[in-house]
Amino acid sequence: MEKFMQNPIVQWVEYRLPVFAFMNHQLVDYPTPRNLNYWWNFGSLAGIALVIQIVTGIVLAFHYTPQADLAFASVEHIMRNVNYGWLLRYVHSNGASMFFIVVFIHLFRGMYYGSYKAPREILWWLGLVILLMMMATAFMGYVLPWGQMSYWGATVITNMFTAFPLVGDWLTTLLWGGFVVGNPTLNRFFSLHYLLPFMIVGVVVVHLWALHVHKSNNPLGIDMKGPQDSLPFHPYYTIKDMYGLGIFLLVFAYLVFFAPNMLGEADNYIPANPLVTPPHIVPEWYFLPFYSILRAIPDKLLGVIGMFGATMILFALPWLDTSKVRSAKFRPIFKQFFWLFVLDVLVLGWVGKNPPEGMFIIIGRVASVYYFAHFLVILPLLGKFEKTCPLPESIGTPVLGGGGEMPSGAAAAKREKS
């Protein structure tokens, strides 16, 4: 880096705009906890997935026609006539799924290791704002092919807003651009679907800014106390991220080339028909847990509140979890409840995929109750009554001493005996 900075052109630019020094400080010399594992790869993978979505989306927009009578045909034109159009579309549609996969893993990792606790509450909030914007972008993008599931999915989801008193009908009419889902709706959704990813980039920049203020959390959940606890980001974690990127691209390539429609709905290859309702309307897989909560509550307004509340409750997580210990490594009971919560989310997704009848109604209601009980009952009680394991004095103690979760005093005693 020093040799690079001595280049006359670099020095000329640096004197007028110190961009290279800024990048070196933020991306090369940035002090990172020395014990980060591969679960920390998913933040950078989410950024790469976002770039893929933006690039492929811009190119697809060259050929897409946001008009109700032509949208479906324009998508078929992209698939059949545009050079590598099929590849662009499959990368974009499966890229949305890969984006959600890495973000969900990133979210659960943060919950497991307590990355939402002080002083990282705003960092956590910004991550949730990104998730909400992703959901809005993905929903609007799913409508654009104007197939049967696109049309009826838009009809069902936008109709939910009518449940809100006073403003519900006005908000629904604003989204529709009229009194039914039609061409104005498609134009609105296309415009917002194109705009929101660039807004997400802005929030991501602020998210990284907040991350660099108090540095990354780590598997031990304790703060860095000195140089012995940190490593420069490059090359130690860039090479780790490159390995994770290789695995990510292998899975991504499998979906694109061998199972491009595995995560989609066959009904969306049928042109939208307002007169024919599909037998079972389902959203994309990443909305299924929330859709299951919506269907589990008989009352329309309460169902909508429950669906949105399932995400909004995460904003209060830093205060609902009253434990002073961050990482689940030192919380044996919390660790069990965490994996039970993950299982509950998977069950909600499975229930949302199936028709709301028979045992699926009962399972969906039980799983929905447990979802909220985890945050409102279990976490507050665990913070008061759970007996946690002792924490190491620093990150470097278990890493350099090989003690894992062992307290520093016990690790020293073990070394003396050996």
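Normalising by the residue count of segment 32-277, find the relative contact order in percent from Cα pairs under 8 Å and 6+ residues apart. Spell out each step's value before the answer.
Details: 236 pairs, mean separation 84.5, N = 246.
Reported relative contact order: 34 percent.
Could you tell me which of Ser230, Tyr90, Ile52 has its Cα farthest along the dipole of the chain towards the positive end, charges placed at Cβ (Lys, Arg +1; Asp, Glu -1), taken about the Cα centre?
Ser230
With 10 Å bins from zero, work out the P(r) of segment 32-277 over every alpha carbon pair and list the percent per bin.
7, 27, 30, 21, 12, 3, 0
Would you be so kind as to identify which of Phe189, Ile361, Asn24 lies farthest towards the positive end of the dipole of the chain, taking Lys and Arg as +1 and Asp and Glu as -1 on Cβ and the Cα centre as origin?
Asn24
When we measure straight from the Cα of Lys335, which lysines land under 23 angstrom away, once same-chain ones fewer than 8 places off are left out?
Lys335 reaches Lys117, Lys324, Lys384, Lys387.
Ranking request for peptides 16-24, 2-10, 158-166: highest mean number of other beta-carbon atoms within 10 Å first, then the rest in descending order.
Values: 16-24: 12.2, 2-10: 9.3, 158-166: 14.9.
Top to bottom by mean Cβ count within 10 Å: 158-166, 16-24, 2-10.
Mind checking the angle between helix 121-143 and the chain's longest principal axis? C-alpha axes, 0 to 90 degrees, to the nearest 10.
30 degrees
Treating the beta-carbon of each Lys and Arg as +1 and of each Asp and Glu as -1, no other charges, what is the dipole magnitude of segment 32-277 about its Cα centre, to the nearest 20 debye? If you can, show how the numbers build up before the last one.
Numbers: 10 positive and 9 negative charges, 129 e Å.
About 620 debye.
Any idea what angle helix 238-258 forms with the longest principal axis of the chain, computed on alpha-carbon atoms, 0 to 90 degrees, nearest 10?
So the helix axis and the longest Cα principal axis differ by about 20 degrees.
Counting only Cα atoms, I'd like the Rg/Rh figure for segment 207-340, Kirkwood definition for Rh. Spell out each step's value before the answer.
Numbers: Rg = 21.9 Å, Rh = 20.3 Å.
Radius of gyration over Kirkwood radius for segment 207-340 works out to 1.08.
Run through all the Cα pairs of segment 1-119 and give the fraction in each 10 Å bin from 0, expressed as whole percent.
11, 24, 22, 24, 17, 3
Could you tell me, in Å, what Rg and Dmax come out for the Cα atoms of the chain?
Here Rg and the maximum Cα pair distance are 24.2, 80 Å.
For a quick check: sort Ile78, Ile363 by the number of other beta carbons within 10 angstrom, fewest at the front. It would help to have the intermediate numbers written out before the result.
Working: Ile78 21, Ile363 17.
In increasing order of surrounding Cβ atoms, one gets Ile363, Ile78.
Can you give the charge dipole size of segment 254-393 about its Cα centre, rounded to the nearest 20 debye, using +1 on the beta carbon of Lys and Arg and -1 on the beta carbon of Asp and Glu?
Roughly 580 debye for segment 254-393.
Calculate how steeply helix 408-417 sits against the longest principal axis of the alpha-carbon atoms of the chain, using the helix alpha-carbon long axis, and give the answer as 0 to 90 degrees to the nearest 10.
Roughly 50 degrees between the two axes.
Would you grab the residues whose amide H sits under 5 Å from the one on Leu231? Only those 5+ places off in sequence or on another chain, please, with H modelled 1.01 Å from N.
Thr32, Arg34
Treating the beta-carbon of each Lys and Arg as +1 and of each Asp and Glu as -1, no other charges, what is the dipole magnitude of the chain about its Cα centre, to the nearest 20 debye?
Numbers: 26 positive and 21 negative charges, 216 e Å.
I would put it at about 1040 debye.
Using alpha-carbon positions, what is the distance between the centroids of segment 1-33 and segment 218-256, in Å?
With segment 1-33 and segment 218-256 each reduced to a Cα centre, they are spaced 22 Å.
Here, each number is a calculation from the coordinates, and none is a lab measurement. Owing to the predicted nature of the structure, the values given are computational and were not obtained by experimental measurement. Cβ sites come from the backbone with ideal geometry, for glycine too, and all protein chains shown count toward neighbours.
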